[in-house]
Each structure stands twice: as C-alpha cells, then as structure tokens.
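Report on the structure given below.
The values are calculated or read from the model by the stated rules, or taken from the named source; none is laboratory data. Please read these numbers as outputs of a predicted model, since none were measured by experiment. Neighbour counts run over all protein chains shown; Cβ positions are idealised from the backbone, glycine included.
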Ligand SMILES: NC(=O)c1ccc[n+]([C@@H]2O[C@H](COP(=O)([O-])OP(=O)(O)OC[C@H]3O[C@@H](n4cnc5c(N)ncnc54)[C@H](OP(=O)(O)O)[C@@H]3O)[C@@H](O)[C@H]2O)c1
C-alpha cells in the first residue's frame, strides 16, 4: 500500500488511457494525474470528462513517479524516444502491452521498467492486474506500481514466462465471457416475445456477477455447477453441448493467443 501522493503521467489518449485516467482519478484525489498524447482533440475531451485530470507535456516525465505507456505497441519506440531527454532516472516506465518484450524495452531505456496488464474491469474499479518486474526494476519500483494499481484493482506478481497465461485469465477472459454471454442471450431472445433484450442483458449481468462472487467467496467450479444443474435436469441438458466442446475449444483459444503474441513480439506491425 502506498500512502503518499503520486504523480502519474499517462501517455496516450485511447481506450486504455481513458480507463486508467478515470479509475485512478476516482480512486485518489491526492495523486496528480496528467495525460499526454499526439491527439489533442482526444486529450482535451478526456480532460473535460475526468475531474482533476491535467494536461501533460513531455517534460512532465521529469517529475512523474510512473510513466504509463498507454499507446499501441508499434508506438513504443518512438514514444519512449520522445520522453527520453525528460525522464528522471527514478521514473518507472510502465508497459501495458505484451506486444513488446520486456527485454526489448530494456534496450530502449535505462529507466526501470515494470509491466502491468490492465483490463476493462478497471473501468468499474475492480479486476486483476498481472505485474511483471522488467529491466532495472527494483523491489521498491514494483511495490510502487502495485501500490498505484491497488487503488483501483488487484495487482498480482507474475513471471514474464507466465504473463500470457495471466493475461488470458485476468484480461482476455472478460472479452471471452462477454462474447459467450452475448451468444447465450441472443439464442434465448429468439425464443421470447415478452422479455425485452434489455431485461435479458440485466439477467445475464447478474448471473456473471453472481458467478464471480461465488468463486471469490471460495465456492468451487464443481460446487457451482452441481448446485445449479441438477442431474437429468434442464440445465444439465442445456450444458451438454458446451461441455462436449469446451475443453478442446479452450485449448485452441489458448494456443491461438500464444501464437499471436509471438507474431507481435517478433514484428509489432504484423
Ligand atoms: N484497451 C484495453 O483494455 C487494453 C488492456 C490492456 C492493455 N492494453 C494496451 O494498451 C495500449 C493502448 O491500447 P488501447 O486499447 O488504448 O488502444 P487505442 O484506443 O487504439 O489507443 C492507442 C493510443 O496510442 C496512440 N498512438 C498510436 N500510435 C502512436 C504513435 N506513433 N505515437 C504516439 N501515439 C500513438 C493513439 O493516438 P492517436 O489517437 O493519435 O492514434 C492512442 O492514444 C496497447 O499497447 C494495448 O496493448 C489495452
């Protein structure tokens, strides 16, 4: 836990920059948070939307505790080069992408680097954030990054070798569950004339939240499945088509993620 006020510079004005700026501003009024980006219109819109968010410039890097690189992986070398003359030696560079290997980042900067992979969950002030020690990062640097993220999420220490697995489960899973939920709701919507799509969306949201809360409170997958799907009942029958294909489909999904990450790390423009 970090009790002192921090100065945070977010580079980028896209989706992740917006999520982090909003979550961090809501979580701590005492931190100074600024955003810097080449897209002035997007930057000004974000500043207008987020109370307390400041307009950053490159030279803010000289007083920032953390510089969050919330830009596309392809932009990392250019953005880091632009900040290089302004960086204080203590400023921790936070990489938010698996598209650039930590080793490569170490060749581009002498500053401490820590990887932290945020998720859409931070938009609602929760979610797991895998954190990996990068080049030149000391335990104090890692504690600083985790301390900031713990204001609006749950950071987890992870080895670089396992970052894909952690990112799959902490982050990609949110999109996977949303994709499944949309298909499940849509199949059910086709069988009703009286329940509105909006009502079905609320019902599935409650089911997703309840599943997460049951898991968080220590209920096992098996307990949740067996307490919901009674033997020979409707839910068990409904689940059978998914149960038959899910293990193999999930293995293929994980493999596809590993392949794509290797492609991106060997050629970020691919
Ligand atoms: N979205 C998520 O939930 C999420 C989760 C975890 C990690 N990430 C990571 O976060 C990073 C940003 O993702 P995003 O989803 O926020 O993407 P995005 O919405 O497309 O935003 C990308 C940002 O990068 C800027 N940018 C692109 N090329 C640039 C360049 N050459 N120089 C300076 N700025 C440049 C863009 O500026 P312009 O508007 O001017 O193009 C924009 O501000 C990526 O590395 C991604 O892997 C995202």
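Of the residues 135, 112, 139, which is farther than 22 Å from residue 208 by Cβ, in the same structural domain as residue 31 (by TED's automatic domain parsing), in contact with a helix residue (DSSP H, G or I) (Cβ under 6 Å, 6 or more places away or on another chain) and surrounded by fewer than 20 Cβ atoms within 10 Å (Cβ to Cβ)?
135
List the number of the failed condition for residue 85; all other conditions in (1) within 27 Å of residue 139 (Cβ to Cβ); (2) away from the ligand (no atom under 16 Å from the Cβ) hold.
Going through (1) within 27 Å of residue 139 (Cβ to Cβ); (2) away from the ligand (no atom under 16 Å from the Cβ) one by one, residue 85 breaks only (1).
Exactly one condition in (1) away from the ligand (no atom under 15 Å from the Cβ); (2) under 22 Å from residue 265 (Cβ atoms) is not met by residue 79; state its number.
With (1) away from the ligand (no atom under 15 Å from the Cβ); (2) under 22 Å from residue 265 (Cβ atoms) applied to residue 79, the lone miss is (1).
Quick one: would you say residue 72 is buried (at least 20 other Cβ atoms within 10 Å of the Cβ) and near the ligand (Cβ under 9 Å from one of its atoms)?
Spelling it out, it is not the case that residue 72 is buried (at least 20 other Cβ atoms within 10 Å of the Cβ) and near the ligand (Cβ under 9 Å from one of its atoms).
Name every residue in segment 28-52 that is more than 10 Å from the ligand (Cβ to nearest atom) and crowded, with 17+ Cβ neighbours inside 10 Å, in order of residue number.
28, 31, 32, 33, 34, 47, 50
Of all residues being without any contact (Cβ under 8 Å) to a residue 12 or more places away in the chain and over 22 Å from residue 16 (Cβ atoms) in segment 146-181, which is surrounded by the most Cβ atoms within 10 Å (Cβ to Cβ)? Just the residue, please.
Checked segment 146-181; the qualifying residue surrounded by the most Cβ atoms within 10 Å (Cβ to Cβ) is 180.
Yes or no: residue 201 farther than 30 Å from residue 258 by Cβ and not in a helix (DSSP H, G or I)?
Taking the combined requirement at face value, the residue does not satisfy it.
Residue by residue through segment 147-182, note down the ones that are assigned to a loop (DSSP other than H, G, I, E, B) and farther than 28 Å from residue 7 by Cβ.
Once the filter is applied, which keeps residues that are assigned to a loop (DSSP other than H, G, I, E, B) and farther than 28 Å from residue 7 by Cβ, segment 147-182 yields only 159.
Answer with yes or no whether residue 78 is farther than 17 Å from residue 20 by Cβ and touching a residue at least 40 places away in the same chain (Cβ under 8 Å).
It is false that residue 78 is farther than 17 Å from residue 20 by Cβ and touching a residue at least 40 places away in the same chain (Cβ under 8 Å).
Among the listed residues 55, 13, identify the single one that is in contact with a strand residue (DSSP E or B) (Cβ under 9 Å, 6 or more places away or on another chain), without any contact (Cβ under 8 Å) to a residue 24 or more places away in the chain and either more than 23 Å from residue 158 (Cα to Cα) or within 14 Å of the ligand (Cβ to nearest atom) (or both).
Testing whether each residue is in contact with a strand residue (DSSP E or B) (Cβ under 9 Å, 6 or more places away or on another chain), without any contact (Cβ under 8 Å) to a residue 24 or more places away in the chain and either more than 23 Å from residue 158 (Cα to Cα) or within 14 Å of the ligand (Cβ to nearest atom) (or both) leaves just 55.
Take residue 94 and decide whether it is assigned by TED's automatic domain parsing to the domain that holds residue 60, in contact with a strand residue (DSSP E or B) (Cβ under 6 Å, 6 or more places away or on another chain), at pLDDT 95 or above and under 20 Å from residue 173 (Cα atoms).
No; evaluated as a whole, the condition is false for this residue.
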